[in-house]
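Chemist: One structure is given below, represented as structure tokens, and several questions about it will come after.
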Amino acid sequence: MTTDVREQITEWLTGNDTCFLLGAGCSMCAGKPLIGKLTENVLQNADAKLNEHFGALKTSGDRAATIEDLINYLVRYRDILDTISSADGHSLSVDEIDIWLTDIKKKIVNEVADDWKAGSYHERFLQRLRGPRDRGPRDIFSLNYDTLLEASLDSLRLPYTDGFRGTNRGWFDAGTFDEASTGIAYRIFKLHGSINWTRDASGCVRRGRNANEDAADEPIVVYPSEQKYLQTQYGVYETLIGRFRNRLRIVGVNNCLIVLGYSFNDEHINEAICDAVNASNSNLTVIAFIGPEQDRGKQDERLKAYSERCDSRFNAFIGDDQTGTFIGHALDADAAKAVLKADLWKFENLVDFIAGKAA
């Protein structure tokens, strides 16, 4: 890779106007499961009737249904049952769905492992992104349920806000994001909730250190994006996705969104990004490093169609230099091939790229 290309990639990743969207692929290096494996593990030995309902779900585009699709389906079904006078004609009851949802979310916590452990690659990533000229906090939007980012920031003693006030039974207050202009290194936005978030009897979302221990009887707040207003009367999802949309629209000379470990299979997230790119006066550039899927042809087709909707400011490096593809206009063909050869879709490779290999 030439020096010019290396400098361009580094500038995208470390620029003052850069924010990040992290998906499950960024947690693999710390032993966290991807959504497919998480789905398989959570549904193993589950109620036969629940598995029957899961098996009846339609696929979304060219991907198989996941545990998040099942949660969405159950929440919508429950909402329907709550709006009718009699559920006699339905095979499910509100109580049955509530039991399933509680069990699913507790299993997610167990599978993801609420261990509050820092990740070595996450520590190096977070250290590298902070520079002496940074004027304010860096924004990281995460789709992951795990606590790797928070635990790694604690380990590094880097101050951050995650939207909560208090400590062991902190409560969600979006105002903390606005108070973070000075003295805060990072703002962490958990767009799909977290394994250490619960909802108390009053509807307030709480953040503990360990959801299963700190609030064993409270519902765990992990929510795929379709649920929007359903989890809490205080609209935590609405607030967080709103912050994401607003951040992508800021007027910055080099406003850039770096996407890591995310496969662009969540339509609500995709729409937020596309809307921001096409917004009036927007100068947002999107740089995505995406892992290869089994059906590369369909993956390329899907992402090329998405790129066309995003004008010329969506750039995706998919896979490696053997079977990979570059979609976009930010680099020429030779430079893009050199980037693909570096396998930067693997989070650990990207961290080594910008921070140097660990001693």
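Chemist: Can you grab the distance from the C-alpha centre of region 55-90 to the C-alpha centre of region 297-313, Å, no decimals?
Modeler: 29 Å
Chemist: Under a plain spin-label model, where a point goes 7 Å from the Cα along Cα-to-Cβ, how far apart in nm are N278 and W116?
Modeler: About 4.5 nm separates the two model spin labels.
Chemist: So in the chain, what percent of DSSP beta bridges are antiparallel if you round to the nearest 5?
Modeler: 35 percent
Chemist: Would you check the accessible area of W171, probe 1.4 Å, heavy atoms only, in square angstrom rounded to 10?
Modeler: 110 Å²
Chemist: Tell me, what HN-Hα J-couplings in whole Hz come from the Karplus equation 6.51 cos²θ - 1.76 cosθ + 1.60 at θ = phi - 60° for each residue of region 320-337, using x for Gly and Pro?
Modeler: 10, 7, 8, 10, x, 9, 10, 10, x, 10, 6, 9, 7, 4, 5, 5, 5, 5
Chemist: Please compute the net charge surrounding I140, taking Lys and Arg as +1 and Asp and Glu as -1 over other residues with Cβ under 11 Å from its Cβ.
Modeler: Residues close to I140 contribute a combined charge of +1.
Chemist: To continue, here is another question. Under a Cβ-Cβ cut-off of 14 Å, what is the net charge of the residues other than G163 that fall near it, where Lys and Arg count +1 and Asp and Glu count -1?
Modeler: That sum, taken over residues with Cβ under 14 Å, equals 0.
Chemist: Further, regarding this structure: From the protein chains alone at 1.4 Å, what is the descending order of accessible area for H329, H90, H192, largest first?
Modeler: Largest to smallest exposure gives the sequence H329, H90, H192.
Chemist: Turning to a different aspect of this structure: Quick one: with all protein chains in place, what share of the accessible area of region 1-113 is carbon or sulfur, to the nearest percent (1.4 Å probe)?
Modeler: 48 percent
Chemist: Send over a whole-number figure in Å² for the accessible area per residue of the chain, probe 1.4 Å.
Modeler: It amounts to 46 Å² per residue over the chain.
Chemist: Based on the alpha-carbon gyration tensor of region 66-122 and its eigenvalue square roots a ≥ b ≥ c, which shape applies: rounded if a/c is under 1.5, prolate if not and a/b is larger than b/c, or oblate?
Modeler: Verdict is prolate for region 66-122.
Chemist: Could you tell me the accessible area of M28 in Å² (1.4 Å probe, neighbours in place), rounded to the nearest ten?
Modeler: Its accessible surface works out to 100 Å², give or take rounding.
Chemist: Continuing with this model, one more query. Using the structure shown, list the pairs from K37/K357; K37/K337; K49/K105; K32/K346 with a Cα-Cα distance above 23 Å, or answer none.
Modeler: K37/K357; K37/K337
Chemist: Shifting gears a bit: Give the calculated FRET efficiency between S85 and E238 to the nearest 0.05, with a Förster radius of 30 Å applied to their Cβ-Cβ distance.
Modeler: Efficiency at R0 = 30 Å is approximately 0.55.
Chemist: Same structure, new question: Any chance you could run the full-extension gain for Q44 through N270? It's 0.36 nm times the residue separation minus the Cα-Cα distance, nm to one decimal.
Modeler: Working it through step by step, the gained length comes to 78.3 nm.
Chemist: Sticking with this one: Could you list, bin by bin from short to long, the percent of Cα-Cα pairs of region 306-359 in 10 Å steps?
Modeler: 25, 45, 26, 4, 0
The values are calculated or read from the model by the stated rules, or taken from the named source; none is laboratory data. What you see is a predicted model; the values in this text were computed from it and never measured. FYI the Cβ positions are ideal-geometry reconstructions off the backbone, even for glycines, and counts take in every protein chain you see. Side chains are part of the model used for accessible areas, which takes the heavy atoms of the whole protein and leaves out ligands, DNA and RNA. Shrake-Rupley method; radii C 1.70, N 1.55, O 1.52, S 1.80 Å.
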